[in-house]
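As structure tokens, the structure follows; a few thoughts come after it.
The values are calculated or read from the model by the stated rules, or taken from the named source; none is laboratory data. Just so we're clear, the structure is a prediction, and the values are computed from it rather than from any experiment. Backbone-built Cβ (ideal geometry, glycine too); neighbour counts: all protein chains shown.
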């Protein structure tokens with residue numbers, strides 16, 4: 001099966017064969033496992049002070065006084081230290097030593113990536129993620145290698161407008177302010193996920209697209225499940241450079257590789 005290749009003006013300039021990786025079954029369970037594994041790289045360990053609630057002279061009075069045997073402060077009947085006591089220590093507090101880094105088998109990770117790649121060609125899945133693709137004529141969407149050398153943001157914007165992708169970039173630029181304390185901690189707004197640009201070589205496109213909301217640029221060899229399926233939902237809108245598209249099977253293998 002052949003798919004068309006477009007130039008920067010959305011004019012057909014040739015065809016390429018569809019890589020075998022697009023025949024990979026879409027495994028949502030494996031994709032979710034791989035995304036969680038990828039997200040665990042950024043988890044921050046957190047725990048409690050081991051001495052929290054224990055800096056006290058409290059001791060139990062023992063039996064024979066007709067009161068509970070909880071630890072009590074010296075010179076007072078006020079309880080302290082214990083788990084059930086106000087200001088006491090926690091029974092099983094979070095520990096910073098806990099291993100929170102998730103692991104995944106290499107074959108599962110590669111299957112998740114190949115499955116995510118295959119999902120990018122299914123129009124129903126891409127639309128189901130919320131991408132605005134009414135003006136997009138073809139999936140997978142392949143553009144000539146000139147896309148890799150774009151240097152200016154306005155050039156990338158012009159490309160998206162010609163390909164019918166600009167509506168999806170505007171959709172990703174959310175105006176609503178986040179509720180709660182998060183807005184004072186560097187995450188005032190949630191940023192949606194717009195188009196993903198996959199190239200074989202970055203000749204300036206990453207810097208040119210950096211200021212466009214929701215747009216990511218990645219080399220084909222650096223693909224991961226979280227980029228292809230943000231939030232573990234497969235079907236991201238992807239723009240492939242011609243050279244990146246033709247070496248997919250070489251890097252990630254076919255549907256069985």
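Out of curiosity, is residue 163 surrounded by 16 or more Cβ atoms within 10 Å (Cβ to Cβ), out of contact with any helix residue (DSSP H, G or I) (no Cβ under 8 Å at 6 or more places or on another chain) and closer than 26 Å to residue 3 by Cα? Taking the combined requirement at face value, the residue satisfies it.
Of the residues making up region 184-194, none is over 16 Å from residue 126 (Cβ atoms) and either in contact with a helix residue (DSSP H, G or I) (Cβ under 6 Å, 6 or more places away or on another chain) or touching a residue at least 60 places away in the same chain (Cβ under 8 Å) (or both). Restricting region 232-251 to residues that are in a helix (DSSP H, G or I) and in contact with a strand residue (DSSP E or B) (Cβ under 9 Å, 6 or more places away or on another chain), which is surrounded by the fewest Cβ atoms within 10 Å (Cβ to Cβ)? Residue satisfying both the conditions and the ranking: 243. Tallying residues that are within 30 Å of residue 98 (Cβ to Cβ) and out of contact with any helix residue (DSSP H, G or I) (no Cβ under 8 Å at 6 or more places or on another chain) within region 1-55 yields 17. Quick check: anything in region 135-151 surrounded by fewer than 19 Cβ atoms within 10 Å (Cβ to Cβ), touching a strand residue (DSSP E or B) at 6+ places or on another chain (Cβ under 7 Å), outside any loop (DSSP other than H, G, I, E, B) and touching a residue at least 24 places away in the same chain (Cβ under 8 Å)? Yes, region 135-151 contains a residue that is surrounded by fewer than 19 Cβ atoms within 10 Å (Cβ to Cβ), touching a strand residue (DSSP E or B) at 6+ places or on another chain (Cβ under 7 Å), outside any loop (DSSP other than H, G, I, E, B) and touching a residue at least 24 places away in the same chain (Cβ under 8 Å).
Out of region 110-154, which residues are farther than 20 Å from residue 217 by Cα and within 24 Å of the chain's Cα centre (by Cα)? Matches in region 110-154: 111, 122, 123, 124, 125, 127, 128. For the condition over 21 Å from residue 231 (Cβ atoms) and at pLDDT below 95, residue 153 does not qualify. A single entry from 215, 122, 126, 199 fulfils the requirement of being surrounded by 14 or more Cβ atoms within 10 Å (Cβ to Cβ) and in contact with a helix residue (DSSP H, G or I) (Cβ under 6 Å, 6 or more places away or on another chain): 199.
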